[in-house]
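Each reported figure results from applying straightforward, stated rules to the coordinates on display, with no laboratory input. All of these numbers come straight from a predicted model, not from anything done at the bench. All Cβ positions, glycine included, derive from the backbone under ideal geometry; neighbour counts span all protein chains shown.
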Amino acid sequence: MKVRQLPCDPGVTGWNAILPEAEPAKPLDSAMTADWLVIGGGFAGLAAVRRLSQLHPEARIVLLEAKRIGEGPAGRNSGFMIDLPHDLSSQDYGGALEKDVRQTRMNRTAIGFAGEMAEAFGLGAEAFTRSGKTNAAASEKGHRHNLDYAAHLEAMGEAHELLDADAMRDMTGSEYYRSGLYTPGTAMIQPALFVRGVAKGLASNRVRICEESPVTELRREGDWVAVTPRGRVTAPKVILAVNGHAESFGQFTGRLLHLFLYASMTRPLTDSETARLGAERWGLTPADPMGSTVRKISGTGGTRIIMRNRVTYDPSLKISQRRVAAMGRSHDTAFAARFPQLAGAEMEYRWGGRLCLSWNGAPALGEVEEGLFSACCQNGLGTARGTLHGMAMAELASGYRSEIAEHVMAQGEPSRLPPLPFTYIGANATMKWGEWKAGAEL
């Protein structure tokens with residue numbers, strides 16, 4: 001099959017831009033054979049390569065990435081690897097109790113796997129640290145959401161701590177927040193640093209990481225053949241780890257919702273500005289899922305604030321730079337409301353990132369054709385679930401029975417979407433309504 005379109009990643013992701021320049025890419029430039037081919041160098045693809053290398057220590061594995069690792073969606077998220085329920089379609093992230101307990105256990109398996117990679121490859125605490133996160137509430141309604149979520153966590157037997165306005169101010173330096181709900185299990189990552197470090201650690205004489213090698217055609221000639229602009233790979237088994245671009249490969253057509261989320265990152269803050277911001281590092285998710293995510297980071301590239309809010313449904317998988325700039329104005333407004341003491345700390349980077357959901361919340365997994373396995377559609381939780389799905393498809397493709405593979409395959413498959421005009425109007429209207437209802441949380 002011809003691949004319908006290649007990835008579009010608008011704006012420069014600050015996560016990648018603040019890192020030292022990467023070593024030159026090593027694109028695929030010849031015809032080669034392999035035992036395993038993985039397409040996509042994000043969380044799912046890298047986890048799949050790692051798990052395959054554990055299950056098949058002598059196998060030849062090739063990973064093909066369309067761009068540079070760290071430039072795509074894996075380097076554009078907010079860097080929360082969340083263990084607990086995080087249902088973006090709910091008011092307070094919680095869902096059915098038994099399902100949430102199961103999913104939490106699986107999320108922690110994925111976080112543990114990511115942590116093992118970080119340790120094995122010497123990535124350090126800036127790339128990966130289990131520091132927890134805080135659900136921040138700016139309004140009475142947001143505070144009630146936190147109380148409801150806290151009750152759900154209590155029923156699950158999960159540790160949590162409610163923070164008052166004073167504690168939130170001490171942590172963030174901001175007077176904006178009414179309360180917070182801290183949970184200790186989330187891993188905070190510098191996403192570009194993490195994926196770049198994992199890719200470098202995986203590369204060996206039997207694992208080849210080929211960047212700037214977009215697959216333009218994937219066809220079956222007995223074995224699978226993936227064609228790139230300068231080469232081709234032949235392998236009996238392929239793991240497709242391209243999230244929403246599964247449709248570009250002819251899979252799950254009409255079943256995936258393609259969203260863009262938007263973020264901005266400040267210039268490096270001065271010592272004087274940094275002193276007004278409480279703890280050295282922190283991460284806030286909004287009490288209302290349609291609100292603003294905020295992070296304070298320090299380390300490579302200096303101390304900075306990242307703001308993330310706004311979401312749009314874009315079935316073309318493309319947006320303009322003008323859209324990114326327009327969404328950036330929302331970030332500026334949210335930043336000014338939270339940090340008036342940082343007037344003059346302008347945004348240095350703005351970007352959009354692709355995200356994939358299904359109508360019924362099911363992932364796009366499994367053997368979709370003989371020897372072709374999909375690890376796609378993470379439903380907005382790509383860091384933890386992408387890692388989990390990459391592990392699961394490596395095990396499933398290897399014939400290795402595991403609780404992970406059984407769990408993810410029991411979730412069913414994405415349901416078919418309504419006709420495009422109805423989906424487009426309905427999805428965007430629903431998200432705009434949700435953003436309006438979020439009020440001060442946005």
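Computed values, structure above
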{"quantity": "Nonlocal amide H pairs with Lys133, under 5 Å, H built at 1.01 Å", "calculated": "Thr183, Gly185, Thr186"}
{"quantity": "Antiparallel bridge percentage (DSSP; both residues within the chain; nearest 5)", "calculated": "70"}
{"quantity": "Nearest 10 degrees, 0 to 90: helix 382-397 Cα axis against the chain principal axis", "calculated": "20"}
{"quantity": "Highest-first arrangement of 201-211, 135-145, 402-412, 238-248, where packing means the average Cβ count within 10 Å", "calculated": "238-248, 135-145, 201-211, 402-412"}
{"quantity": "Pairwise label distance in nanometres, Asp29 with Ala151, each label 7 Å out on the Cα-Cβ vector", "calculated": "6.3"}
{"quantity": "Net charge over other residues, Cβ less than 13 angstrom from the Cβ of Ser131 (K, R count +1; D, E count -1)", "calculated": "+2"}
{"quantity": "Crossing angle, helix 321-338 versus the chain [Cα axis fit, 0-90 degrees, rounded to tens]", "calculated": "30"}
{"quantity": "Whole-number percent relative contact order across the range 14-409, with pairs defined as alpha carbons under 8 Å at least 6 apart", "calculated": "25"}
{"quantity": "Chain lengthening between Ser272 and Thr253 when straightened (0.36 nm per residue, less Cα-Cα)", "calculated": "1.6 nm"}
{"quantity": "Point-to-point label distance, Lys2-Thr333, nm (Cα→Cβ direction, 7 Å offset)", "calculated": "4.3"}
{"quantity": "Alpha-carbon centroid distance for the pair the range 283-318 / the range 369-410, whole angstrom", "calculated": "26"}
{"quantity": "Estimated distance in nm for a label pair at Tyr400 and Arg219, the labels positioned 7 Å out from Cα along Cα-to-Cβ", "calculated": "3.3"}
{"quantity": "Degrees, to the nearest 10: 140-156 long Cα axis against longest axis of the chain", "calculated": "50"}
{"quantity": "Prolate/oblate/rounded call for the range 342-407, Cα gyration tensor, a/c under 1.5 rounded", "calculated": "prolate"}
{"quantity": "J(HN,Hα) series, the range 229-241, from Karplus relation 6.51 cos²θ - 1.76 cosθ + 1.60, nearest Hz, glycine and proline x", "calculated": "x, 10, x, 7, 10, 10, 8, x, 9, 10, 10, 8, 10"}
{"quantity": "Prolate/oblate/rounded call for the range 1-127, Cα gyration tensor, a/c under 1.5 rounded", "calculated": "prolate"}
